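Below: the structure, in structure tokens.
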Amino acid sequence: MADGEILAGFLAPHPPHLVYGENPPQNEPKSQGGWEQLRWAYERARKSLNDLKPDVLLVHSPHWITQLGHHFLGVPTLSGKSVDPIFPNLFRYDFKLDVDVELAEACCAAAADAGLVAKMMRNPRFRVDYGTITTLHMMRPQWDIPVVGLSANNSPYYLTTEEGLEEMDVLGRATRKAIEQTGRRAVLLASNTLCHYHFHEEPDPPEDMSREHPHDYAGYQWDMRMIDLMRRGETREVFRLLPQFIDEAFAEVKSGAFTWMFAAMGYPEIPGELHGYGTVIGTGNAVMEWNLAKAREVGRAA
Amino acid sequence: MTVVSAFLVPGTPLPLLRPDNPPWAPLVAGYQAAGEALRASNPDVLLVYSTQWIAVLDELWQTRAHLTGIHVDENWYEYGDLPFDMQSDVELAEACVAGCKEIGVSAKTVDYDGFPIDTGTIVMNNFLNGDDARPLAIAANNVYHDGETTARLAAMAVETAKAQGKTVALIAVGGLSGTIFRTEIDIAEDHIADATDEEWNREMLRLMESASIEHLKQRAGDYAKAAKVDMGFKHLSWILGGLGDNFDGATVHAYGPVYGSGAAVVEFRPA
Ligand SMILES: [Fe+2]
């Protein structure tokens, strides 16, 4: 089988507050809502994902941190209760997900071929990280599309940001190759927040939106500058500025998901669609989509 | 005397999961010797700080009365599972939350089924507490706290235990030098990955043994930076804070490599 393709990539951050605000049956704590603008942004993203009808969702999460290489979930079904270690009051979620093990193995092999240390996670009692679960719930609460989960190797923190992101670039290119070779129609999810400065105290109740706003103006300005470039399709400029953005806005994209996704997509210079932006405990979160399938169609029609 | 024993121990699961691997066997033996010393000191409670329990907002204290389950490490899952069965000293942990507020540190209790207990705490409990099942009061590592705040937390916790008439084993779970092998190694050939790290580790252990407390504190910051020490070596601050910057010396029960990083089992003699 060949001719697989990446249909789209989404910037899909993972504050557990969004799941908490939505009150799905899987989540034990209940809220009076909150963070509506971001949750409605995800509603638009969900609709778009539904129209794409992908075979598989690939998600790279900063909360599965690995030291020895890049790891891939490799157990056909994983389930359990995910309790967020930082916000256990907001997120205690019963999950069950199916893994596309064949694609995960192909990604792992392609990453190894490209010179990375790559490993398959085969322990059935493994606890899937809360970043992966939150992003997947927000994008597809039905849990009916198989998943490939990738860890965040700590290279951007252990080495320099630039060296670390170079590894993520290699990982992205390898991921694309594996998708093409296995014939999958895939959607990529980069589970990253933008500006990551946050408040240190939670309001009571946590969903009191009168207390929610950007942590600081400089971080907000950085987010808007980057989003504006992404909306205009100025991908090269985004990546030129990325290390400075990471440094000055403490941006979570440092962990590599965003670079992995763009490398896999071939750094397309197409406008990203902003589904919405909002803050969560002061951090900046954008839900954005780069729809390659649509761009290819437009290209063919022109 | 409230603090009847004090230990700095590594939180990596590898020696527990592969005790027969020659480079790790000394750590296992060291952990066993520390466990015997702990039992001999007969504490009412283990007062624990683990670098791997990361908190971001508040200082968190575990208050779930009974913690049991099977944990799988996110890095070393292929080496096996980590079953655990622990009791919390809820009364002490709750009093520590109140005590935090008195010293200006915002704090919260954690009492949730399925809350992810960190690998370091589980490894320590398996080695040191074993079947005794003495209760624990476990504090998180808030990443925004510096060494000084960590020391104040430990001092407050010891005072709180004293007010409850309890004796404690003071325990800090964390590693030494942090340079690791980033490609697969033959674990039977494991060694400290960086020669400078090795010198630094040995110097710090000598300062602990000789109770050169001022010198130890002076060098800790430089050591943390130069040798990529786990969490800036805040676990040492937990020990020093809990001991009131005063101890008579230390026994290094073991020192060795774990995938290139440094690990030691150290027992401090409270003054
Ligand atoms: Fe995050």
Seminar exercise, completed: Expressed as a whole-number percentage, the relative contact order of the range A:5-301 with C-alpha contacts under 8 angstrom and at least six residues apart is 29 percent
For this session: Please report, in Å, the Rg and the Dmax of the range B:3-270, where both are computed over Cα atoms only.
Result: 17.1, 50
For this session: Treat the count of other C-beta atoms within 10 Å as a stand-in for reagent exposure and order A:M261, B:M204, A:M209 from fewest to most.
Result: A:M209, B:M204, A:M261
Problem set entry | Sorted by Cβ neighbour density within 10 Å, fewest at the top, the residues A:Y42, B:Y79 | B:Y79, A:Y42
Problem set entry | the range B:52-70 residues near the modelled A:F199 label - backbone nitrogen below 15 Å, point 7 Å along Cα→Cβ | B:57-58
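Could you give the size of the charge dipole of the protein assembly as shown about its Cα centre, using +1 on the Cβ of each K and R and -1 on the Cβ of each D and E, expressed in debye and rounded to the nearest 20? Before the final figure, lay out each step's value.
Working: 47 positive and 79 negative charges, 166 e Å.
I would put it at about 800 debye.
With helices defined as uninterrupted DSSP H runs, which ones in chain B have an alpha carbon span along their own long axis of at least 20 Å and mean Kyte-Doolittle hydropathy of at least 0.0?
On the way: long enough: B:25-41 (24 Å, 0.39); B:147-163 (24 Å, 0.16); B:195-209 (21 Å, -1.23).
Result, helices passing both filters: B:25-41, B:147-163.
For A:A295 and A:R240 in one chain, what is 0.36 nm times their gap in residues minus the Cα-Cα distance, to one decimal in nm?
Value of the extension gain: 17.5 nm.
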Problem set entry | Amide H within-cut-off set for B:L136, under 5 Å, with H built and near neighbours excluded | B:L46, B:Q87, B:S88, B:D89
Seminar exercise, completed: Hydrodynamic calc, the range A:143-271: Kirkwood Rh from Cα pairs, then Stokes-Einstein at 37 °C with viscosity 0.692 mPa s, so D in µm² s⁻¹ is 202 µm²/s
For this session: Treat each spin label as a single point 7 Å out from the Cα along the C-beta direction, and report the B:S106 to A:Q142 distance in nm.
Result: 4.0 nm
Problem set entry | Per-pair calculated FRET efficiency, R0 = 35 Å: A:K53 and A:E269 via Cβ, rounded to 0.05 | 0.85
For this session: Report the normalised scattering of chain A as log10 I(q)/I(0) at q = 0.08, 0.09, 0.10 Å⁻¹, calculated by the Debye formula with identical scatterers on the alpha carbons.
Result: -0.31, -0.39, -0.49
For this session: Taking only Cα atoms and a 10 Å spring cutoff, compute GNM fluctuations for chain B and point out the largest among B:I213, B:I122, B:I239.
Result: B:I213
Exercise. Can you tell me the Rg and the Dmax, both Å, for the Cα atoms in the range B:1-137?
Worked result: 15.3, 48
Exercise. Where in the range B:139-160 does the amide nitrogen come within less than 15 Å of the point 7 Å from the Cα of A:Y157, taken along Cα to Cβ?
Worked result: B:141-145
Seminar exercise, completed: For the range A:9-52, one quarter of the surface area of the C-alpha convex hull, expressed in nm², comes to 3.4 nm²
Exercise. Quick one: A:R184, B:R152, B:R64, fewest Cβ neighbours within 10 Å first, how do they rank?
Worked result: B:R152, B:R64, A:R184
Exercise. Taking H as built 1.01 Å from N, whose amide H comes closer than 5 Å to the amide H of A:G272, not counting residues under 5 places away?
Worked result: A:R231, A:R232, A:G233
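Where nothing but the Cβ of Lys and Arg (+1) and of Asp and Glu (-1) is charged, how large is the charge dipole of the range B:3-270 around its Cα centre, in debye to the nearest 20?
Working: 18 positive and 38 negative charges, 131 e Å.
Dipole of the range B:3-270, to the nearest 20 debye: 620 debye.
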Exercise. Taking the alpha carbon gyration tensor of the protein assembly as shown, what are the square roots of 5 times its eigenvalues, largest first, to the nearest whole Å?
Worked result: 42, 26, 21
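So if we plug the beta-carbon distance of A:R122 and A:Q26 into 1/(1 + (r/R0)^6) with R0 = 35 Å, what FRET efficiency do we get, rounded to 0.05? Each step should come with its number before you reach the end.
Working: r = 25 Å, r/R0 = 0.73.
My answer for the efficiency is 0.85.
Read-outs: derived from the displayed coordinates by stated rules, not from any lab. The structure displayed is predicted, hence computed values, not measured ones. Quick reminder, even Gly has a Cβ in these numbers, built from the backbone with ideal geometry, and neighbours come from all protein chains shown.
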